Amino acid sequence: MSVAGSPRNFRVELRWIEVFWMSLCLGIASPMSAALAGEPTECDRLAGHPSDPDKILGGVPSAEVRNWNEAAIWSCRQAVAADTGNARVRYNLGRALFYHGDKAEALDHLAIAADGQYRQAQFVLGLMYTDGVGDILPADSCHALILWRDAAARGHFAARVALGRDYARGAYAGCEDPPAAAVVDEWLVAARGQTKDYYQRLLIDWTREALMAPSQPQPKELP
């Protein structure tokens, strides 16, 4: 993709993307659907995420999970015990525990689900690695890249856009073997096709423009 005109300063545009970033995490489901183990459980009903593309029930907003948190945790523990290899209910348990404040245990379950290539777990754990979680999990953009890269390649909408955003900001400059900008742009194009929402498409367009823009010229040193 080429950008017409003289080089632009994209700081305002990238900040605008951040302001509206959470809209990318609400109400989006990828058309890709993985083959998932197990039947719907009470854990799915009480703790599934509305934006999880691999959910098998409608999903529950964060505030509601907090309202019946104890029941969600109990149900999800039962579901995990009954089917330890089910990454979906493992992710749901991690979500419920995190909202309960049991962050260390939550991260353990999210990591297991992410290792099982559960896309929503990869995305959420990548967010946590991007910002860090207090003294429990140090920020590590390169680890976030590993998680998001796999989820993005397998169709996770928010992972595609999050990776593109941070790539355009230079967050992965020190990471080993980052994807080429052209590959990241392909994921953004695909993400644009996953939504009809005007604002989400606008955010993706800004991210693509920032991604492919030439570097801003640096002032020359005086002799």
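Throughout, read-outs are computed from the coordinates displayed, never taken from laboratory work. What you see is a predicted model; the values in this text were computed from it and never measured. Here the Cβ is made from the backbone with ideal geometry for all residues, glycine too, and neighbour counts use every protein chain on show.
Under the simplified labelling scheme, the ASP140-ASP102 pair shows an inter-label distance of 2.4 nm, with each label point 7 Å from Cα along Cα→Cβ.
Ordering HIS109, HIS143 from the fewest to the most neighbouring beta carbons within 10 Å gives HIS143, HIS109. Measuring between their Cα centroids, region 34-87 and region 117-182 lie 24 Å from each other. Applied to region 61-76, the Karplus parametrisation 6.51 cos²θ - 1.76 cosθ + 1.60 on θ = phi - 60° returns per-residue 3J(HN,Hα) values of x, 4, 4, 6, 4, 5, 5, 10, 4, 4, 5, 5, 5, 4, 4, 6 Hz, with x for Gly and Pro. On the beta carbon distance between ARG201 and ASP150, with R0 = 22 Å, the FRET formula returns roughly 0.35.
Among the GluC sites (Glu not before Pro) in region 100-197, those placed in a DSSP loop whose Cβ has at most 14 other Cβ atoms within 10 Å are GLU176. The convex hull built on the alpha-carbon positions of region 39-116 has an orientation-averaged projected area of 4.3 nm².
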